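Enquirer: Here you go, one structure.
Every number in this text was worked out from the coordinates using simple rules, so none of it is lab data. As the structure is a computational prediction, the values presented were derived from the model and not from experiment. Methodologically, a virtual Cβ is constructed for each residue, glycine included, from the backbone with ideal geometry; neighbour enumeration extends over all protein chains shown.
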Amino acid sequence: MLRLGRHAFGDDDALMMAIVNRTPDSFFDKGATWAEDAAFERVRLVASQGAEIVDIGGIKAAPGAEIGASEEKARVVDFVARVREEFPALVISVDTWRAEVGDAACAAGADLLNDAWGGADPELVDVAAAHGAAIVCTHTGGVTPRTRPYRIEYDDVVRAAIDDTLGYAQRALDAGVAKESIVIDPAHDFGKNTFHSLEITRRLGEMVATGWPVLVSLSNKDFVGETLDLPVGERLLGTLAATTVCAMAGARIYRVHQVPETRQTVDMAWTIAGRRRPKRAIRGLQ
């Protein structure tokens, strides 16, 4: 069983985590959901499309203007409370590495803390434990939040990702986070060049084999763009190809911009892999 705050899922559930950016400068939507009402319409849309999780972020990952904890909270906390009230069945994730922000967000109704920066704030696990929230443990190679990787080298990037995420998971367990509420994420692009992210994708089964549920965030990432030499707005097909590989390997959660396309891709791959039955199968039977 996978427990994300107040919500539980079976081992045969593949989950869509829809991205909702409360930022004016996000790399994909260019601030389309910066305004609160626009962000709320995005939540309504992805919920209607079947997303189980919304991942609300108040700071873009790339370098840019400094955003302090107070401003980050202003962008996400009241919004979390609004989403919680209207969508009680939706898992609310908050994309933050700051314990202070995570604490306020969980108090407002968040179920999951998505730490994209590999435990940069060691107190985040304590916040998750105190609120009974779930946590995503990522691998970033130790880079500083909101910096781009530069000539990072690994003897074995998959081994590093496994060791670091399992170490982070153990810290979460030691802090009191429930085992069924811990997810690991190799963090494509974060602390990695394109070759690293491609190898992580190719060998994702090794992370799945650890027994921890694996989240992948592939949507429109630079490793897709560089592989195909395509700009951000033209990376959907490449994203779905990478998604298929990760789905065949058994990734459980998919952090995405495009929900229906990813859902169909994952459902098809999981069915081919024998983890899911077809919705109907009458051909040759009647």
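Enquirer: For the stretch 26-66, treating each Cα as an identical point scatterer without solvent, what Debye log10 I(q)/I(0) comes out at q = 0.23, 0.35 1/Å?
Expert: Log-scaled intensity ratios, in q order: -0.85, -1.24.
Enquirer: On to the next question. With a cut-off of 8 Å between alpha carbons and a minimum separation of six or more residues, what is the relative contact order of the stretch 2-272 in percent? Don't skip to the answer; put the middle values down first.
Expert: Numbers: 546 pairs, mean separation 49.0, N = 271.
Once divided by the residue count of the stretch 2-272, the mean separation gives 18 percent.
Enquirer: Please name whichever of Ala69, Trp212, Thr265 sits farthest to the positive end of the charge dipole of the stretch 2-272, dipole taken about the Cα centre and charges placed at Cβ: Lys and Arg +1, Asp and Glu -1.
Expert: Thr265
Enquirer: Can you give me the distance in nm between label points at Glu41 and Asp13, each placed 7 Å from the Cα along the Cα-to-Cβ direction?
Expert: 3.0
Enquirer: A further question follows. Which percent, nearest 5, of DSSP beta bridges in the stretch 2-272 are antiparallel? List each step's numbers first, then the result.
Expert: Working: 3 of 32 bridges.
Among the beta bridges of the stretch 2-272, antiparallel pairing accounts for roughly 10 percent.
Enquirer: Using modelled amide H (1.01 Å from N, peptide plane; none on Pro or chain starts), what sits under 5 Å from the amide H of Ala134, excluding residues fewer than 5 places away?
Expert: Gly5, Leu112, Leu113
Enquirer: Follow-up. Fully extended, how many nm does the chain gain between Phe27 and Gln264 (0.36 nm per residue separation, minus their Cα-Cα distance)?
Expert: Contour length minus Cα-Cα distance gives 82.9 nm.
Enquirer: Can you sort Val256, Val54, Val208 from fewest to most other Cβ atoms within 10 Å of each residue's own Cβ? Could the numbers behind the result be given before it?
Expert: Values: Val256 28, Val54 24, Val208 17.
In order of increasing Cβ crowding within 10 Å: Val208, Val54, Val256.
Enquirer: Moving on to the next point. If the chain between Glu85 and Arg202 were fully stretched, how many nm would it gain, using 0.36 nm times the residue separation less the Cα-Cα distance? Write out the running numbers ahead of the final one.
Expert: Values: separation 117, 0.36 × 117 = 42.12 nm, distance 4.03 nm.
Taking Glu85 through Arg202 to full extension adds about 38.1 nm, to one decimal.
Enquirer: Stretch Thr147-Arg283 to full length: gain in nm at 0.36 nm per residue minus the Cα-Cα span? Show your work: numbers first, answer last.
Expert: Details: separation 136, 0.36 × 136 = 48.96 nm, distance 5.25 nm.
Full-extension gain reported as 43.7 nm.
Enquirer: Just name one of Ile162, Leu124, Gly141: the one whose Cα is farthest towards the positive end of the charge dipole of the chain (beta-carbon charges, Lys/Arg +1, Asp/Glu -1).
Expert: Among Ile162, Leu124, Gly141, the one farthest towards the positive end of the dipole of the chain is Ile162.
Enquirer: Separate question: With charges set only on the Cβ (+1 for Lys and Arg, -1 for Asp and Glu), what does the dipole of the chain come to about its Cα centre, in debye to the nearest 20?
Expert: Details: 32 positive and 41 negative charges, 214 e Å.
Once rounded to the nearest 20, the dipole reads 1020 debye.
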